[in-house]
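Here's the structure we're looking at; comments come further down.
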4 protein chains.
Amino acid sequence: MFSIGNKFRLTVFGQSHSAAIGGVIEGIPAGTVLDEDAIARFMARRAPGQALTTPRRENDRPQILSGVADGRTCGAPLAFTIENTNIRSHDYERIRDVPRPMHSDYAAAIKFGGANDIRGGGQFSGRLTAPICFAGAIAAQLLADRQVTIGAHISSIGSVEDSRFDPAGVCAADLRALSGMEFPALSDEAGRAFRKLIAEVRDAGDSVGGTVECAAVGVPAGIGDPMFSGIENLLARALFAIPAIKGVEFGAGFEAARLRGSDHNDPFEMAADGSVRTRTNRHGGILGGITTGMPLVFRVAIKPTPSIALEQDSVSLSERRNVRLAIEGRHDPCIVPRALPAVEAVTALVLADLIAIPAR
Amino acid sequence: MFSIGNKFRLTVFGQSHSAAIGGVIEGIPAGTVLDEDAIARFMARRAPGQALTTPRRENDRPQILSGVADGRTCGAPLAFTIENTNIRSHDYERIRDVPRPMHSDYAAAIKFGGANDIRGGGQFSGRLTAPICFAGAIAAQLLADRQVTIGAHISSIGSVEDSRFDPAGVCAADLRALSGMEFPALSDEAGRAFRKLIAEVRDAGDSVGGTVECAAVGVPAGIGDPMFSGIENLLARALFAIPAIKGVEFGAGFEAARLRGSDHNDPFEMAADGSVRTRTNRHGGILGGITTGMPLVFRVAIKPTPSIALEQDSVSLSERRNVRLAIEGRHDPCIVPRALPAVEAVTALVLADLIAIPAR
Amino acid sequence: MFSIGNKFRLTVFGQSHSAAIGGVIEGIPAGTVLDEDAIARFMARRAPGQALTTPRRENDRPQILSGVADGRTCGAPLAFTIENTNIRSHDYERIRDVPRPMHSDYAAAIKFGGANDIRGGGQFSGRLTAPICFAGAIAAQLLADRQVTIGAHISSIGSVEDSRFDPAGVCAADLRALSGMEFPALSDEAGRAFRKLIAEVRDAGDSVGGTVECAAVGVPAGIGDPMFSGIENLLARALFAIPAIKGVEFGAGFEAARLRGSDHNDPFEMAADGSVRTRTNRHGGILGGITTGMPLVFRVAIKPTPSIALEQDSVSLSERRNVRLAIEGRHDPCIVPRALPAVEAVTALVLADLIAIPAR
Amino acid sequence: MFSIGNKFRLTVFGQSHSAAIGGVIEGIPAGTVLDEDAIARFMARRAPGQALTTPRRENDRPQILSGVADGRTCGAPLAFTIENTNIRSHDYERIRDVPRPMHSDYAAAIKFGGANDIRGGGQFSGRLTAPICFAGAIAAQLLADRQVTIGAHISSIGSVEDSRFDPAGVCAADLRALSGMEFPALSDEAGRAFRKLIAEVRDAGDSVGGTVECAAVGVPAGIGDPMFSGIENLLARALFAIPAIKGVEFGAGFEAARLRGSDHNDPFEMAADGSVRTRTNRHGGILGGITTGMPLVFRVAIKPTPSIALEQDSVSLSERRNVRLAIEGRHDPCIVPRALPAVEAVTALVLADLIAIPAR
């Protein structure tokens, strides 16, 4: 279904070209004054119209329909919408007949018997991350009240790599510093190289993938359930809701698979303040599905934007034959910078559900 | 919670040293004759007592308590238990005070206020994959009736790599051939190298991680929901229930993040039999969360066994000081071969829930 | 939470005086052409502005925001809103301080720490049955395609009673005939007596309760799960979402508690068409939580409208003392006629979830 | 499905004649020392072998398989079994062919395609209330720690009525006094009359229904969610899991439907201790789905035991013709006394889930 969370739950709706997209958020504690500026800033980070991204200008100003009274939440579900404006007409019938490679067109056509909304990608559009970011910004606010901070940087685009978080030492200030950057990176050099690569790829009519590394600090130890509801289970499930994500790894992740235990194990030690910590953090803050109090650290793999200007092979579903397809319009040559706030958002949704909602 | 699935649901219970472990399976269609031999074979694949694995001999013979009458399922939940026998006494109080690096001991102590069952890892024990395999074997039987076959091989241990599945061409026979191997590998050479490496690591008192590549063929196109309930979301959530898994990638996965769209996109083409397929399968059989009819292909990263014979740094929780810890007993130097059937099992659980249970 | 259903799910949002109320419906089969006239007729049945009901004229014209493309459902969640217009200003601060007897004011104030939306009853308003009726009308359409018909009549208001359905003989035509009536009753005499009683009660500044009897015919045998997910469990849970409902009984219900088994048991018999039926239907179409193929028949008890013109005792929460309270404005003297379509609607939601949605 | 609850969840399994019945309880706070005596006393109340009940002696001693270590709960799911012993052989094939009136035999045969376990009623057996009572006893223990007490009495059998709880004044001591009685009744006279009536009915080869009134005191105000997850919704859903329950009413219930608002509304008043209460409690402690702090009071209708010695009409499913059926064996002439503790148990399960489990 289109919901995530138990105590703090988001239900998402909308298609790229429907009247509106939006969501319903259940579980915001009554009496919360929403930080509208923080929400607007968060949403602006994923908005298009920035350098090197698709020129469609989205009017991503959410309208709150319910759940707020007298300037604060009232305990009722908070429904919100974002209008779909500036919709350009295309000949979408061509796409319906000739599925675009690496898009969901064909899978959706089979699933929905051809009734899927093909316009602008329909419900599969990256635009659906806007409601996720709106709800994620509220979740982040609730988490901030509990001293939990989430942040992410672009860890690679194509073969250009940024450095990595120091997983045992990353702090809230490090994470907050990233949120104002157009190409959030730990090194300025990487940021510049990312920009240069994306421009090249765009000029070549091509696209490129990348990775995002995300961290959450301040998460208390002891959160998460073993087995099917551990932090890794819940985050992974949520992260794959972001279009184009094809991989998730926690802590040392796939690198751990190459290591020996003696190189991988994180020794426990007494911290200067008398608390227990691990000297290194290859476990990414999670052991047995449960938080250890160390920073949560994970990475996601984001595939290249499927829409490219170069002509591609496909089929005509009506004529049952191979055809060539040229996709018109302009598209993000790299979705990574815009996916990044969505990664933070779903992380906030998952963590808020676990730690930011009182028992009743 | 400890359940997974909607129409076909497994609830798991037990600790390493409780009276029994087991599970409750809801949703098996009434009238199903369970293939007990197939179940026993499946479970034998994860059982210890094999070459190079921990010598504790588990009596993994499940006892069915309910859900079956006259030799077939009767529509009631199928509860089953596996007795915990051959339990050896240890000085577990030491572990309670000095958490083992990379184990869940510390996180669990915080979460459960010290009341967690520390014996043999308690509910975090890899032994809990036995009920998962039992249920997975039943799920696999239901899927086989729909011509869906699941199989996996060890794609790497440490830095030794097997070749990869041909993601566009892997077939049921390929997968079935793997299920009888002690070190399931596509190349005999890799299998031998795996065995050699594990023996070395064992002799060094160390452990080593690895990766498993899993495929499912015969899955029809159009399965899975967009957003939070796509195939990737559901499989990822389920896979992280297997202890030691730290990463999941679908199709080209993290490699996709390095590619350009023109190199990554899978062209559609008409197959010889008149059906639509993709020429390559870097999408791993899933687009937009929905199956395309191509083989599902994904890999998981498995960390090195945390228990090693080498002495390690830890802390005494009672004395609040750093101490050295030596873990006694013998342990699997590499959990990858035994995690492999569990990977297949959770894959079967997820797919059976989606495609093997009638609407009513 | 504010959702109901698994495969066909409704999430409701809104308060009486928020910008809008509405809902999100998941699971409508893609390609469904909504019968807008039938939906409008259904919603008109619960709309105010009819004889003897509150004069606030609601503009209950729903706007569909998503989930429809090219005039048919597209497989995405169908979100819809109903604007809240014609909102009259009241001195709601008085109600916040002096809770109205038998309203949710006090309970909500405690639950939400005083942040609840008090205007017009907030999220507790009977107006929230409008989105339920919208979704219920769609569910009814899906059920009609499977020859399932739902209908209800007012079985009593105060001490005035209509006759009862013949539980073993009620048919679809009987049910459809009721849907056009302002006071749906089996006997014209009862309808006239209901109208007369409500007018008297209104003139006395008082209110009155009643019961609704609902039936569903055409439901196949074998639907529903034993234990916690039987038809009675699911219907009862759903029905209590309708404000003012305080009791539910299936088949002979509370009368069964007075009977001996020999008077209560329904004998099986072969029907003329060769099918198995029961001669009588005191079981209300459900045995062991599962449908028998006989008509589903149940009744709900609806309490008198809490808002009455007569002065009542209450307390001032701020002054911690007893006070007298006079509720201003005009209110429905009897909510039963408007609750009736909501009873049908939630019945349709529950049954559609169970029988109208294909497995995938 | 066979589960109930979110944070405190019970999954039930078993059939009357399977190897065992039992359940899995998730969410018991780690470190809880179970009060085994209290559990045994609670379960003894529903056990057969008492005066006037069926002579099958159940060995209802539960065995705990997991979830406990060192004498206290450890945070893992608590699985338990109750062996099915003393099973007498019957000619169940006759029942499979000739469904017993008012039993689930026919509905189950259709649902499960004839594969249902017919022996002793299979999964529909009243015996399945044993695991519910076991879990309910644990829930009651958790609630007792929060000063919440649940109790019930037989409010009627056939046309013999006990008096009712004083809904505004019932206290914990009143409820505890009932738990030791064989026929829990507020008046001794009613208790004697119940016993006399049941003996008469038994001697006549017949059975009789009744009602149970249940109360919970000490429940704080502000518990429950509006709409689909109010206290009434959740309790009603749970209560219908008890075989033979056909109606539920809260507070004044069906009587409310006969009243005018001025007679039904409960005035608020300041209590002597400075708290807010209602002078009367026709609302049964729930308004808008949310608790008010007044006692929860509700009643359930229980149908006559379907199994009677008198010959009845049924059909032969194989021969497709009407036949006469005589049910052999001895059966409870009145299930009400044994259903009563199950009513308390499910009430405890629902309330514990809402108020007895910490946020993490």
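The values are calculated or read from the model by the stated rules, or taken from the named source; none is laboratory data. This structure is a prediction, so every number in the text was calculated from the model and none was measured. Cβ coordinates were reconstructed from backbone atoms using ideal geometry, including for glycine residues, and neighbour counts include every protein chain displayed. In case anyone asks, the SASA skips ligands and DNA or RNA and just uses the protein heavy atoms, side chains included. Shrake-Rupley method; radii C 1.70, N 1.55, O 1.52, S 1.80 Å.
Within the stretch C:255-268, count every residue that is open to solvent by 40 Å² or more (accessible area, probe 1.4 Å) and facing another protein chain (nearest Cβ under 7 Å).
3
Report the residue count in the stretch B:1-24 for those that are outside any loop (DSSP other than H, G, I, E, B), buried (at least 24 other Cβ atoms within 10 Å of the Cβ) and at the interface with chain D (Cβ under 9 Å from one of its Cβ atoms). Spell out the reasoning first.
Step one: list which residues in the stretch B:1-24 are outside any loop (DSSP other than H, G, I, E, B), which gives B:3-4, B:9-13, B:20-24.
Now narrow it down to the ones that are buried (at least 24 other Cβ atoms within 10 Å of the Cβ): B:4, B:10-13, B:21-24.
Narrowing further to those that are at the interface with chain D (Cβ under 9 Å from one of its Cβ atoms): B:11-13, B:21-24.
The number of residues fulfilling the criteria is 7.
Kindly check whether there is at least one residue in the stretch C:246-253 that is at the interface with another protein chain (Cβ under 7 Å from one of its Cβ atoms) and either farther than 23 Å from D:Glu249 by Cα or touching a residue at least 60 places away in the same chain (Cβ under 8 Å) (or both).
Scanning the stretch C:246-253 turns up at least one residue that is at the interface with another protein chain (Cβ under 7 Å from one of its Cβ atoms) and either farther than 23 Å from D:Glu249 by Cα or touching a residue at least 60 places away in the same chain (Cβ under 8 Å) (or both).
Of all residues in the stretch C:179-205, which are open to solvent by less than 30 Å² (accessible area, probe 1.4 Å) and away from every other protein chain (no Cβ under 14 Å)? Spell out the reasoning first.
The first filter runs over the stretch C:179-205 and keeps only residues open to solvent by less than 30 Å² (accessible area, probe 1.4 Å), leaving C:183-185, C:190-191, C:194, C:197-199, C:201, C:205.
Once the filter is applied, which keeps residues that are open to solvent by less than 30 Å² (accessible area, probe 1.4 Å) and away from every other protein chain (no Cβ under 14 Å), the stretch C:179-205 yields C:Phe183, C:Pro184, C:Ala185, C:Ala190, C:Gly191.
Scan the stretch B:211-233 for residues that are more than 7 Å from chain A (Cβ to nearest Cβ) and on the phi < 0 side of the Ramachandran plot and report the count.
The qualifying residues number 10.
Among the residues of the stretch A:142-155, which ones are open to solvent by 10 Å² or more (accessible area, probe 1.4 Å) and part of a strand (DSSP E or B)?
A:Thr149, A:Ile150
Which residue is farthest from the other protein chains (Cβ to nearest Cβ), if the candidates are limited to the stretch C:125-141 and must be over 17 Å from C:Ile4 (Cα atoms) and part of a helix (DSSP H, G or I)?
If we filter the stretch C:125-141 for residues that are over 17 Å from C:Ile4 (Cα atoms), which is where we start, we get C:125-127, C:141.
Applying the additional criterion that residues be part of a helix (DSSP H, G or I) yields C:126-127, C:141.
Numbers: C:Gly126: 11, C:Arg127: 12, C:Gln141: 16 Å.
Out of the qualifying residues, it is C:Gln141.
Which one of the conditions (1) touching a helix residue (DSSP H, G or I) at 6+ places or on another chain (Cβ under 9 Å); (2) facing chain D (nearest Cβ under 10 Å) does C:Arg96 fail to meet, given that it meets all the rest?
(2)
Which numbered condition trips up A:Gly274, out of (1) under 29 Å from the mean Cα position of the chain (by Cα); (2) open to solvent by 20 Å² or more (accessible area, probe 1.4 Å)?
A:Gly274 satisfies all of (1) under 29 Å from the mean Cα position of the chain (by Cα); (2) open to solvent by 20 Å² or more (accessible area, probe 1.4 Å) except (1).
For residues in the stretch D:107-138 being polar (S, T, N, Q) and buried (at least 24 other Cβ atoms within 10 Å of the Cβ), which is nearest to D:Val350 (Cα to Cα)?
This residue is D:Thr129.
Checking D:Val336 against (1) in contact with a strand residue (DSSP E or B) (Cβ under 6 Å, 6 or more places away or on another chain); (2) more than 12 Å from chain C (Cβ to nearest Cβ): exactly one of these is not met. Which one?
(2)
If C:Gly285 satisfies all but one of (1) more than 7 Å from chain D (Cβ to nearest Cβ); (2) surrounded by 24 or more Cβ atoms within 10 Å (Cβ to Cβ); (3) at negative phi, what's the number of the condition it fails?
Condition not satisfied by C:Gly285: (3).
Which residues, counting only those in the stretch C:277-307, are small (Gly, Ala, Ser) and in a strand (DSSP E or B)?
C:Ala301
Would you mind stating whether D:Asp263 is over 25 Å from the mean Cα position of the chain (by Cα) and either under 30 Å from C:Gly113 (Cβ atoms) or of a type outside the set (A, V, I, L, M, F, W, C) (or both)? Step through it out loud before you land on a result.
Working: over 25 Å from the mean Cα position of the chain (by Cα): yes; either under 30 Å from C:Gly113 (Cβ atoms) or of a type outside the set (A, V, I, L, M, F, W, C) (or both): yes.
Yes; evaluated as a whole, the condition is true for this residue.
Among (1) in a helix (DSSP H, G or I); (2) crowded, with 24+ Cβ neighbours inside 10 Å, which single condition is A:Asp353 missing?
(2)
Would you pick out the residues in the stretch B:123-168 that are touching a strand residue (DSSP E or B) at 6+ places or on another chain (Cβ under 7 Å) and aromatic (Phe, Trp, Tyr)?
B:Phe134, B:Phe165
Looking at (1) within 12 Å of chain C (Cβ to nearest Cβ); (2) assigned to a loop (DSSP other than H, G, I, E, B); (3) modelled with pLDDT under 95, find the lone condition where D:Asp117 falls short.
(3)
For the stretch A:163-173, enumerate the residues that are outside any loop (DSSP other than H, G, I, E, B) and in contact (Cβ under 8 Å) with a residue 12 or more places away in the chain.
A:Ala172
Restricting to the stretch D:279-304, what's the tally of residues that are in contact with a Gly (Cβ under 9 Å, 6 or more places away or on another chain) and either within 23 Å of C:Glu311 (Cβ to Cβ) or among the acidic types (Asp, Glu) (or both)?
6
Sort through B:Val208, B:Val160 and tell me the only one that's of a type in the set (Val, Ile, Thr) and open to solvent by less than 10 Å² (accessible area, probe 1.4 Å).
One residue alone meets the criteria, B:Val208.
For A:Ala272, indicate whether it is at pLDDT below 95 and among the aliphatic types (A, V, I, L, M).
yes
Listed here are the residues, each with its yes/no results for (1) at pLDDT below 95; (2) part of a strand (DSSP E or B).
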site	(1), (2)
C:Arg56	yes, no
C:Arg61	yes, no
C:Ala76	no, no
C:Ala79	no, yes
C:Asn86	yes, no
C:Glu93	yes, no
C:Ala108	no, no
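Which residue, of D:Asp273, D:Asp353, is of a type in the set (D, E, K, R) and away from chain C (no Cβ under 12 Å)?
Testing whether each residue is of a type in the set (D, E, K, R) and away from chain C (no Cβ under 12 Å) leaves just D:Asp353.
Looking at (1) surrounded by 17 or more Cβ atoms within 10 Å (Cβ to Cβ); (2) modelled with pLDDT under 95; (3) under 19 Å from D:Ala345 (Cβ atoms); (4) away from chain C (no Cβ under 14 Å), which one does D:Gly27 not meet, given that it meets all the others?
(2)
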